[in-house]
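The values are calculated or read from the model by the stated rules, or taken from the named source; none is laboratory data. Keep in mind the model is a prediction, meaning the values are calculated, not measured. Positions of Cβ are backbone-derived with ideal geometry, glycine not excepted, and every protein chain shown enters the neighbour counts.
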Amino acid sequence: MKQTFVISKCIFSLFLLVFMVLCLYPQVSYADTPQDLKIEYDFSAQTLSVTITHPSFFPGFHHIKTVEIEKNSSVISTTNYDKQPGESPFTYTYKVAAAKGDKLEVTATCNLSGSKTATITVSSATK
């Protein structure tokens, strides 16, 4: 009987601890990193399309905060967002001048948790 009480007390304490963490840090319970990041470069239009998969029930509160673009390891653009489109995946398009052989790297960062990076090497046939 005493052993059952001790086990029940431990389980209850663990449950209470998890509940308190979720209440004190609610972003832990529903924050996730971007699931997928795809980039395409249109050489003729000199545009970079960034397609991000990052589902969120509250896109004004939990969203992609920044999209950073690097060309050949130098940051050329950092765009900050206060919300994201409601549907996922969604695409942002950026004007980026690039030449054949340039390496473009894009990092999408969630405002609550994590980031995802994708890289592409520009070719004249890239689209």
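So which residues in segment 20-55 are modelled with pLDDT of 60 or more, assigned to a loop (DSSP other than H, G, I, E, B) and under 11 Å from the mean Cα position of the chain (by Cα), if there are any at all?
Scanning segment 20-55 gives ASP32, THR33, PRO34, GLN35, HIS54, PRO55.
Which pairs turn up if I take residues in segment 70-98 that are within 21 Å of PRO55 (Cβ to Cβ) and modelled with pLDDT under 95 and look for partners that are assigned to a loop (DSSP other than H, G, I, E, B) and among the aliphatic types (A, V, I, L, M) with beta carbon separation below 6 Å, at least 6 apart in sequence or on another chain?
none
Taking SER73 as the residue in question, decide whether it is polar (S, T, N, Q) and out of contact with any Lys or Arg (no Cβ under 9 Å at 6 or more places or on another chain).
No.
Can you list the strands (runs of 3 or more DSSP E) lying wholly within segment 61-127 that have 1 or more residues being loosely packed, with under 14 Cβ neighbours inside 10 Å?
Once the strands (runs of 3 or more DSSP E) in segment 61-127 are filtered for at least 1 residues that are loosely packed, with under 14 Cβ neighbours inside 10 Å, what remains is 74-80, 90-95, 103-110, 115-121.
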